[in-house]
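Chemist: First the structure, which I've put down as structure tokens, then a few questions once you've had a look.
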DNA sequence: TTCATATTTGTAATCAATACATTATTTTGT
DNA sequence: ACAAAATAATGTATTGATTACAAATATGAA
Ligand SMILES: [Mn+2]
Ligand SMILES: [Mn+2]
Ligand SMILES: [Zn+2]
Ligand SMILES: [Zn+2]
């Protein structure tokens, strides 16, 4: 599987799930969706797996939703938008320029998250 | 208190606490620190208060720490840094330029968060 | 095969956050 | 000032995401 992770069945399936479902799901959603395919799967394994995958840099861990952590199979940093109405998380496909300005704080930075919140296009149209 | 919030004792004290303690505390910390001064305070009141203050725009609600929500008495948006070693949250005092580029996604955006994570200056020095 | 290691599983525990009912305080109208 | 209504605070119970932990299973090297 690369990233120095042994490609067990749950790990491969979680990784594939995240690559195929670009919805930024949480652990519970991943678990429920994979259970039919892997009946022996336990939720703890999903927790273990996303933990491992994210610490190795294979997936992104999002804290945009304060209810629970969400995950993204695309590990290149990119901005996200959370709709406060429907709860969906969208990708925003531009590269934030802010990342570059970090020289003068002397912390060692290894992660950047850019989060936007508001009402999504779809919800706006329903409200008209 | 302005922001259309009736200035009850707990509300004033929570607001003052956040203005005086620039540590981005969570509810439990606010509660424990104010309890000696307001012995009747309940944690539910602190939850209610930060909820009210943040929805009125008087304080910032941070989701940088996946364990719990943290709060900031400075309500102007500014970037934050979380140290993965010691857990401290620092202000980064530059204005991110990324915010401006949001035209072409047609969502209605009312909140922007820019979060950095890594190892803070202090922890780096201890490790030497 | 055998042993050591890594992984998975299931259950129990933790703990932040919320729900809700009760009490207290403040405001409004008289 | 008084009564009624509205708002706020409190305490307890509950929810629900996440973690801890121990037992079972699978993997890989020797
Ligand atoms: Mn994404
Ligand atoms: Mn701050
Ligand atoms: Zn929406
Ligand atoms: Zn630190």
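Chemist: Between residue A:78 and residue B:44, take the C-beta separation as r, use R0 = 51 Å, and let me know the FRET efficiency to the nearest 0.05. Numbers along the way, then the final one.
Modeler: On the way: r = 38 Å, r/R0 = 0.74.
FRET efficiency, residue A:78 to residue B:44: 0.85.
Chemist: Next question, about the same structure. Looking only at Cα atoms, what is the convex hull volume of the range A:2-72 per residue, in Å³? Write out the running numbers ahead of the final one.
Modeler: Numbers: hull volume 5.6 nm³, N = 71.
Given the Cα convex hull of the range A:2-72, per-residue volume reads 79 Å³.
Chemist: Take the Cα atoms of the protein assembly as shown, build their convex hull, and give its volume per residue in Å³.
Modeler: Measuring per residue, one finds 171 Å³ for the Cα hull of the protein assembly as shown.
Chemist: Looking at the protein assembly as shown, send over the antiparallel percent of its DSSP beta bridges, to the nearest 5.
Modeler: Taking every DSSP beta bridge with both residues in the protein assembly as shown, the antiparallel ones total about 75 percent.
Chemist: Which order results if B:47, A:115 are arranged by neighbouring Cβ count within 10 Å, fewest first?
Modeler: Listed from fewest to most nearby Cβ atoms, that is B:47, A:115.
Chemist: Taking beta carbons within 10 Å but only from partner chains, what does the mean come to for residues B:115-128?
Modeler: Mean inter-chain Cβ contacts per residue within 10 Å come to 4.
Chemist: Follow-up. Taking the convex hull of the Cα atoms, report for chain A its projected area averaged over all directions, in nm².
Modeler: Numbers: hull surface 39.0 nm².
With the hull built on Cα positions only, its mean projection is 9.8 nm².
Chemist: Averaging over every viewing direction, what projected area does the convex hull of the Cα atoms of the range B:34-76 cover, in nm²?
Modeler: Details: hull surface 14.4 nm².
Averaged projected hull area, Cα only: 3.6 nm².
Chemist: Give, in whole angstrom and from largest to smallest, the semi-axes √(5λ) of the equivalent ellipsoid of the range B:1-43, with λ running over the eigenvalues of the Cα gyration tensor.
Modeler: 17, 14, 8
Chemist: Given the DSSP H assignment, sum -39500 (n - 2.57) over each helix run of at least 4 residues in chain A and divide by its residue total; what's the result at 222 nm in deg cm²/dmol, nearest 500?
Modeler: Numbers: 4 runs with 40 residues, N = 128.
Taken over chain A, the calculation gives -9000 deg cm²/dmol.
We did not get these values from a lab; they are worked out from the coordinates using the rules stated. Computed from a prediction, not measured in an experiment: that's the story for all the values here. Neighbour counts are summed over all protein chains in view; Cβ atoms, including those assigned to glycine, are modelled from backbone coordinates with ideal geometry.
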